[in-house]
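One structure is given below, encoded as structure tokens.
The numbers here are math on the coordinates, done by the rules we state, and not lab data. As the structure is a computational prediction, the values presented were derived from the model and not from experiment. Note: ideal-geometry Cβ built from the backbone for every residue, glycine included; neighbour counts use all protein chains shown.
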Amino acid sequence: MYNEMKILIVINDAPYGTERAYNALRLAGQLKKTDENAEVRVFLMADAVGCAISNQTTPNGYYNVERMLKLLVRNGASVKLCGSCTDARGLRNASLVEGAEISDLAQLALWTIESDKVVVF
């Protein structure tokens, strides 16, 4: 449909409490639906690293960011977490959503340089 775009979405907020992470993941999903060839990358920083923890249980009818991340990964998006942010929260050895990887600021810098668009939530 379009030229292959590289789109980076940086999320800073916790998975629940505000709807920033939810809205960021909704946008990421819609970008993949709108252009399946778009390269969508999600980088989780600060409290957003909690978005990638496995086995989240939410009330019926409430959004679940773990399921949203799994769907993004299944649809070809890349998901990385800030390593120092996971360390600061004691999550270095936490069980993560399959496909999500702990990374570092150097990776975020590279993704930023390579991206056609960067959106920060």
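Assorted remarks:
- Residue check, SER115 under 12 Å from VAL40 (Cβ atoms) and in contact with a strand residue (DSSP E or B) (Cβ under 6 Å, 6 or more places away or on another chain): yes
- Unmet requirement for ARG67, which otherwise passes all of (1) surrounded by 15 or more Cβ atoms within 10 Å (Cβ to Cβ); (2) assigned to a helix (DSSP H, G or I): (1)
- From the list ALA14, ALA28, the one residue that fits, being in a helix (DSSP H, G or I) and either crowded, with 16+ Cβ neighbours inside 10 Å or among the acidic types (Asp, Glu) (or both), is ALA28.
- For the range 70-99, taking the residues that are under 18 Å from ARG41 (Cβ atoms) and of a type in the set (Ser, Thr, Tyr), the one that is surrounded by the fewest Cβ atoms within 10 Å (Cβ to Cβ) is identified as SER78.
- Residues in the range 37-64 that are in a loop (DSSP other than H, G, I, E, B) and in contact with a Cys (Cβ under 8 Å, 6 or more places away or on another chain): MET45 alone.
- Note on the range 100-121: residues that are in a loop (DSSP other than H, G, I, E, B) and exposed (fewer than 15 other Cβ atoms within 10 Å of the Cβ) total 2.
- The residue that is nearest to the chain's Cα centre (by Cα), among those in the range 31-47 that are surrounded by fewer than 17 Cβ atoms within 10 Å (Cβ to Cβ) and not β-branched (Val, Ile, Thr), is ALA46.
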